[in-house]
Amino acid sequence: MKNTSDITPTIHTLDELALLADYTLTQTLNADPNATQNGIDHAPREVCSGHFVPVAPTPIENPHYLAHSKTLFKELGFDDSLAHSEGFKRMFSGDLSDIPTPLSKVGWATGYALSIYGTEYYEQCPFKTGNGYGDGRAVSVFEGLMNGKRWEMQLKGGGRTPYCRGADGRAVLRSSVREFLAQEHMHALGIPTSRSLTLYASTTEKVKRPWFNQGSYSRDPEVMIDETVAITTRVAPSFLRVGQIELFGRRARKKEHPKALEELEMIVLHLINREYSEAIDTHLPLEEKVLLLATQFRTRLTSLVANWIRVGYCQGNFNSDNCTAGGFTLDYGPFGFIDMFDPKYQPWTGGGVHFSFFNQPQAASRNFDVFCRALQPLLTSDEVALAKLDTILQNFPKVMQEKLEGMWASKLGLIRFDETLLRELITLMIETSVDYTLFFRELSQMPEEISPLVKSFYTDDFDDEKLLTRWQVWLERWKSQLHATTPEARQRLSEQMKRINPKYTLREWFLVPAYQQAAREDYTLITELQEVMNAPYDEQSKETEEKYYREKPSHFFDIAGISHVSCSS
């Protein structure tokens, strides 16, 4: 039960929010020694040491309100009216010039390294050293305690930072709508994620972005278009990434500067304090803390990825810099929720099979390898601890497999995982062209025969008798595995499966009209999708079901911007 002393009075004003500020990252870690104090540091440059760079965000022009998360506002103790207040709107659209103390008038950006599928990269860095990677347009502007929890708030699209690599530091309305809706939907699905606070857009400021022609089948953007600038504020206990720990691990390993090992230890201890304080005793020796951190992160990461597959989510770009060290979902750019089942589903045109739907466990394993490699310099004087860390790393596939088997068993309503039953099901789903979400939700109804499941097939008037017979055989085998022999037991199992298999997921063809309408200053669909997708397991109205519980229309298949996207900006 929460201690009443932890409960924050409802926040109605920015002055009241200011009293909750507590900037542990900037007050306990090292600033880049070459940074400016006023945060006017917006040109690309090499950042060779320090944990963060003070950066003043660049306000968007003439911001106006589009949406806020009522769910998160309630959780934080914010009154809904706060999202519409002038001071709050200015702050969370990038203007920190007139905020009350002790709020900081300067935000911060952080650097991180890049590994793609476990391979270290330096070439994309303009300096070829890796010291140019980091938050190129993400600027954190607040850290504080609300209702007994620590939260950091970060502007996505808050302008240029030293890590911008020559880009403009802006996010556009299209990608901001996608991220705003996706984060809260993922939370409603019960999966750890960064959260969405607010969405503001400019009435005048636009930027050019590469995109696709209407109705195009191209895999690459074909035209430059003008898009409205927007800022969505994302919220999390921290925004520490595997790539961030990796950056300091690389520097310590290579002895790049005299304080490299010290800065690695500082960032690791800060990670433990921010994300793992309930699991790791602060009084333990450093070596024990590091080993517990690796074990705890392994548990979180394997659980996260198993849950992604459970709900049909694909993290199209699962590099080390897009993998949080706290074990929650981040980076809602090249993401997608699967329609027609395909183990190789990949929504991002810049990705590949290595980041495809069923390969996410392997990608997670590579990121975990990067994480453990970054921790090694802290254990070099202790051979026993190094050996234990290696054992934790080597056991990742085993733990991942256990999480996947448990997930599949619960998704199918089974007490024990049956590999043969799942393998046969996957084969049938591929051969039949089945909608992933619809199929498992219909299966949760405990059908007696195959016809209810045909609703999830992407073939009109399905009449392949041989395949239907195989489906019926599989269904009988599945029913024989269920421990539900009475109508009451079957009903309980059905309800249990419905809490595992969502009815609604945020498919791309739902998002496209929402951001297209928003570009015309019509936010009706954003509000509607918030309501529907924040109750993904619920039976909703008949109108909602007809609109959102259906297969992807055939004319959307292979269409650029719907079936596949470029790296969203």
Of the residues that make up the range 482-492, is at least one part of a loop (DSSP other than H, G, I, E, B), farther than 23 Å from Thr432 by Cβ and of a type outside the set (Val, Ile, Thr)? yes
What number of residues in the range 454-466 are part of a helix (DSSP H, G or I), modelled with pLDDT under 95 and under 18 Å from Ile426 (Cα atoms)? 3
The conditions are (1) touching a helix residue (DSSP H, G or I) at 6+ places or on another chain (Cβ under 9 Å); (2) surrounded by 14 or more Cβ atoms within 10 Å (Cβ to Cβ); (3) in the same structural domain as Ser444 (by TED's automatic domain parsing), and Leu493 fails exactly one of them. Which is it? (1)
Counting just the residues of the range 165-212 that are outside any helix (DSSP H, G or I) and of a type in the set (Asp, Glu), which one comes out nearest to Thr299 (Cα to Cα)? Asp168
What are the residues in the range 269-294 that are in a helix (DSSP H, G or I) and surrounded by fewer than 17 Cβ atoms within 10 Å (Cβ to Cβ), if any? Asn273, Leu286, Glu288
Would you check which residues across the range 248-257 are out of contact with any Ser or Thr (no Cβ under 9 Å at 6 or more places or on another chain) and in a loop (DSSP other than H, G, I, E, B) and list them? Lys255
Answer yes or no as to whether Gly326 is part of a loop (DSSP other than H, G, I, E, B) and touching a Pro at 6+ places or on another chain (Cβ under 9 Å). yes
Quick check: anything in the range 297-314 assigned to a loop (DSSP other than H, G, I, E, B) and either on the phi < 0 side of the Ramachandran plot or in the same structural domain as Ile191 (by TED's automatic domain parsing) (or both)? no
List the residue pairs whose Cβ atoms are under 6 Å apart, where the first residue sits in the range 171-184 and is assigned by TED's automatic domain parsing to the domain that holds Gly159, the second is in a strand (DSSP E or B) and among the charged types (D, E, K, R), and the two are 6 or more positions apart or on different chains. Ala171/Lys156; Val172/Arg209; Val172/Glu227; Gln183/Arg195
On the given criteria, is Thr420 of a type in the set (Ser, Thr, Tyr), surrounded by fewer than 16 Cβ atoms within 10 Å (Cβ to Cβ) and outside any helix (DSSP H, G or I)? no
Just to be sure I understand the filter: pairs with C-beta atoms under 9 Å, separated by 6 or more residues or on different chains, first member in the range 549-566 and on the phi > 0 side of the Ramachandran plot, second member assigned to a loop (DSSP other than H, G, I, E, B). Which pairs pass? Asp558/Tyr217; Gly561/Phe212; Gly561/Gln214; Gly561/Ser216
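Check whether at least one residue in the range 384-397 is assigned to a helix (DSSP H, G or I) and hydroxyl-bearing (Ser, Thr, Tyr), and report yes or no.
Yes, because at least one residue in the range 384-397 is assigned to a helix (DSSP H, G or I) and hydroxyl-bearing (Ser, Thr, Tyr).
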Criterion first (touching a His at 6+ places or on another chain (Cβ under 7 Å) and at pLDDT 95 or above) does Arg174 satisfy it? no
Yes or no: the range 278-293 includes at least one residue that is over 13 Å from the mean Cα position of the chain (by Cα) and closer than 28 Å to Ile231 by Cα. no
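The values are calculated or read from the model by the stated rules, or taken from the named source; none is laboratory data. This one's a predicted model, so the numbers in the text were calculated from it and none came from an experiment. Note that each Cβ is placed from the backbone with ideal geometry, even for glycine, and that neighbours are counted across all protein chains shown.
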